Amino acid sequence: MAICLCHIRFRMAWVRQGHSIEELPFKALGGVWGSWFGIILLVLVLIAQFYIAIWPVGGMSDDPKKVAETFFCYIWKRTLPKAIDEIDLDTGRKSWLTVEEMRAYRESRKNAPLYVRIYRMLFSN
């Protein structure tokens, strides 16, 4: 779920800081909607896991204090995420191509011979 949230927050920060989606060298197959779909599925799995944790098949722990401490320990010790405008998008960035350069790069890859495109699809990105 963390990678889906990171992807959504990255895309929000990318747009808010004035970048175009065309500047990205790699895009997720489902885009941001795929990340939202992943989060929804994972939340459903977490609800099912939580249900099984509260009402386990074989019975519940005898010490409710220990159960409550384990559950609330995570919520108490976590840190808050940064604001969208404060996310650093440039440190460690590998592609500094402009929108026009990225369009030319994608066009050259699209116009490559079929065997080159198949090779790239199978063995590289």
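The values are calculated or read from the model by the stated rules, or taken from the named source; none is laboratory data. Computed from a prediction, not measured in an experiment: that's the story for all the values here. Neighbour counts run over all protein chains shown; Cβ positions are idealised from the backbone, glycine included. Just the protein is used for accessible areas: all its heavy atoms, side chains included, with ligands, DNA and RNA removed. Shrake-Rupley method; radii C 1.70, N 1.55, O 1.52, S 1.80 Å.
Tabulated data
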quantity	calculated
Estimated FRET transfer efficiency when R0 is 25 angstrom, pair Tyr105-Gln17 (beta carbons, to 0.05)	0.70
Accessible area (Å², per residue) of the chain, counting only protein heavy atoms and a probe of 1.4 Å	84 Å²
Among Ile40, Ile54, Ile21: highest mean-square fluctuation, GNM of the chain, C-alpha pairs under 10 Å	Ile54
Whole-angstrom gap from the stretch 2-30 to the stretch 93-125, using each part's C-alpha centre	19 Å
Accessible carbon and sulfur surface of the chain relative to its total accessible area, %, 1.4 Å	67 percent
Counted charge near His19, where neighbours are those whose Cβ lies closer than 11 Å (Asp, Glu -1; Lys, Arg +1)	0
Cα-Cα pairs of the chain separated by more than 18 Å (percent)	71 percent
Count, lysine Cα pairs under 30 Å in the chain, 8 or more residues apart or across chains	7
Helix-only CD estimate at 222 nm, as mean residue ellipticity for the chain, using -39500 (n - 2.57) per DSSP H run (n ≥ 4)	-19500 deg cm²/dmol
